[in-house]
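Where a number appears in this text, it was derived from the coordinates with a stated rule and is not lab data. Keep in mind it's a predicted model, so treat the numbers as computed, not measured. Note: ideal-geometry Cβ built from the backbone for every residue, glycine included; neighbour counts use all protein chains shown.
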Amino acid sequence: MWHIQVIHGPNLNLLGQREPDVYGRVTLSEIDERLRVYATTEGFELRTFQSNHEGAIVDAVHQAMGWADGLVINAGAYTHYSYAIRDAIASAGLPTVEVHLSNIHAREPFRHTSVIAPACVGQIAGFGWQSYHLGLEALIGWLETHVPPTPTPQATAESS
Ligand code: DQA
């Protein structure tokens, strides 16, 4: 069973009321619930975390090293300038998919740069809350093709 940590960055706690024309009307708790349903259907363990604080996000990446096989992260505005989060992802060494609700490449120029992208296996942007769903699907596909399955335990004693 895969274990996946989803991390939501700053201001995403306000989804639903925050600039709905850009980010949609689905709230963060509704997104997390939809992802939980997906995890149950697909049979992977999911944990979700949100913080408005850079250091707390760095800590969450570090803590994921203890149990997660991969990360899905929407670092919000930190995407564009947080070398600390970029380094945390690189240091953790966990396959990470970067997601954004909006298409950051079609918005203001400062959003076109992602400093975390080089530390991630890929990026999904522009599909509203479904970017998270697509990110999880992409991560699981990546894990299935890059990480060898845990070997089935064998009987230790030779049968005679
Ligand atoms: C965002 C895009 C960022 O530029 C912005 O600062 C956010 C949300 C997105 O999901 O589209 O907070 O990451």
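Key figures
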| item | result |
| --- | --- |
| For Gly70, distant residues with modelled amide H under 5 Å away | His3, Gln5 |
| Full-extension gain in nm, Phe110 to Arg34, via 0.36 nm per residue minus C-alpha separation | 24.3 nm |
| Fewest-first ranking of Tyr83, Tyr23, using other Cβ atoms within 10 Å as the exposure measure | Tyr83, Tyr23 |
| Proximal charge balance of Trp2 [Cβ under 15 Å; K/R count +1, D/E count -1] | -3 |
| Mean ellipticity per residue at 222 nm, deg cm²/dmol - from DSSP H runs of n ≥ 4 across the chain, formula -39500 (n - 2.57) | -11000 deg cm²/dmol |
| Listed residues Pro109, Asn13, Ala75: farthest to the positive end of the dipole of the chain (Cβ charges) | Pro109 |
| Burial ranking of peptide ranges 118-124, 3-9, 55-61, 74-80 (average Cβ count within 10 Å, highest at the top) | 3-9, 74-80, 55-61, 118-124 |
| Extended-chain gain in nm, criterion 0.36 nm per residue less alpha-carbon gap, Thr41 and Trp67 | 7.3 nm |
| Residues Val26, Val37 arranged by fewest to most Cβ contacts within 10 Å | Val37, Val26 |
| Degrees separating the helix 28-42 axis from the principal Cα axis of the chain, which is the longest one | 30 degrees |
| Average Cα contact separation per residue, region 3-146, under 8 Å, 6 or more apart, as relative contact order % | 26 percent |
| Stokes-Einstein translational diffusion, the chain - Kirkwood Rh over all Cα pairs, 1.306 mPa s, 10 °C, in µm²/s | 98 µm²/s |
| Total formal charge among the other residues, if their Cβ is under 13 angstrom from that of Ala117, Lys/Arg +1 and Asp/Glu -1 | +1 |
| Tilt relative to the chain, helix 83-92 - C-alpha long axis, 0 to 90 degrees, to 10 | 10 degrees |
| Fluctuation leader among Gly126, Gly93, Gly141 - the chain, Gaussian network, Cα springs under 10 angstrom | Gly141 |
| Most mobile of Leu139, Leu14, Leu94 in a GNM of the chain (Cα contacts under 10 Å) | Leu14 |
| Least to most buried among Leu134, Leu35, Leu71 (fewest other Cβ within 10 Å first) | Leu134, Leu35, Leu71 |
| Net charge, Trp67 excluded, C-beta distance under 10 Å - Lys, Arg +1, Asp, Glu -1 | -1 |
